[in-house]
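Presented below is the structure to which this report refers.
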Amino acid sequence: MATCKLKKGDMVVVRSGRDKGKSGEILALFPKEARALVRGVHMVKRHQKPDAKNPKGGIVSRESRIHLSNLGALDKASGKPSRLGFRISKDGKKERVLRRSGEVF
């Protein structure tokens, strides 16, 4: 299993699927499953019983996990998805860079 180059808090764009083109922030990562939870992407409807937060219950819309292969890091310069790579900076630190533009992510 490859390591995940994306991190919690990164802005990503959906590359394929029903939400293609949508963007959002990563809320949580699940590296063993190679999936992520992204704000406002891959919304599903769930039936919910009444509880303290939602005393009425009913059908609730919320985010579901999406596979990492369908996500790309958002290149702010072009607004398009980009792959991520690594390089060692001049001061010896490892940094993530966008393959599309070469900027530090």
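Can you work out which of the residues in region 80-96 that are under 17 Å from the mean Cα position of the chain (by Cα) and either of a type in the set (Gly, Ala, Ser) or more than 14 Å from Lys7 (Cβ to Cβ) (or both) is surrounded by the most Cβ atoms within 10 Å (Cβ to Cβ)?
Ser82
Quick check: anything in region 61-71 farther than 22 Å from Thr3 by Cα and in contact (Cβ under 8 Å) with a residue 40 or more places away in the chain?
no
Suppose we filter Arg46, Arg65 for residues that are touching a strand residue (DSSP E or B) at 6+ places or on another chain (Cβ under 6 Å) and modelled with pLDDT of 95 or more; which single one remains? Spell out the reasoning first.
Details: Arg46 fails: modelled with pLDDT of 95 or more.
Of Arg46, Arg65, the one residue that is touching a strand residue (DSSP E or B) at 6+ places or on another chain (Cβ under 6 Å) and modelled with pLDDT of 95 or more is Arg65.
Which members of region 19-40 meet the condition of being surrounded by fewer than 18 Cβ atoms within 10 Å (Cβ to Cβ), in a loop (DSSP other than H, G, I, E, B), touching a residue at least 24 places away in the same chain (Cβ under 8 Å) and not aliphatic (A, V, I, L, M)?
Answer for region 19-40, where residues must be surrounded by fewer than 18 Cβ atoms within 10 Å (Cβ to Cβ), in a loop (DSSP other than H, G, I, E, B), touching a residue at least 24 places away in the same chain (Cβ under 8 Å) and not aliphatic (A, V, I, L, M): Pro31, Lys32, Glu33, Arg39.
Any residue that is under 20 Å from Arg99 (Cβ atoms) and part of a strand (DSSP E or B) - is there at least one of those in region 48-56?
There is no residue in region 48-56 that is under 20 Å from Arg99 (Cβ atoms) and part of a strand (DSSP E or B).
Output the number of the condition that Val44 fails; it satisfies all remaining conditions of (1) in a strand (DSSP E or B); (2) within 9 Å of the chain's Cα centre (by Cα).
Looking at each condition in turn, Val44 falls short on (2).
What number goes with the only condition from (1) modelled with pLDDT of 95 or more; (2) surrounded by 12 or more Cβ atoms within 10 Å (Cβ to Cβ) that Leu6 does not pass?
(1)
For region 1-27, how many residues meet the condition of being over 19 Å from Pro81 (Cα atoms) and in contact with a Leu (Cβ under 9 Å, 6 or more places away or on another chain)?
0
Out of everything in region 57-74 that is in a strand (DSSP E or B) and surrounded by fewer than 18 Cβ atoms within 10 Å (Cβ to Cβ), what residue ends up being farthest from the chain's Cα centre (by Cα)?
Of everything passing the filter in region 57-74, Gly58 is farthest from the chain's Cα centre (by Cα).
Listed residues Leu74, Leu98, Leu84, Leu68; which is touching a Lys or Arg at 6+ places or on another chain (Cβ under 6 Å) and of a type outside the set (Gly, Ala, Ser)?
Leu84
So which residues in region 11-68 are touching a helix residue (DSSP H, G or I) at 6+ places or on another chain (Cβ under 9 Å) and of a type in the set (Lys, Arg), if there are any at all?
Result: Arg15, Lys20, Arg35.
The values are calculated or read from the model by the stated rules, or taken from the named source; none is laboratory data. Worth saying up front: this structure is predicted, and the values here are computed from it rather than measured. Neighbour counts are summed over all protein chains in view; Cβ atoms, including those assigned to glycine, are modelled from backbone coordinates with ideal geometry.
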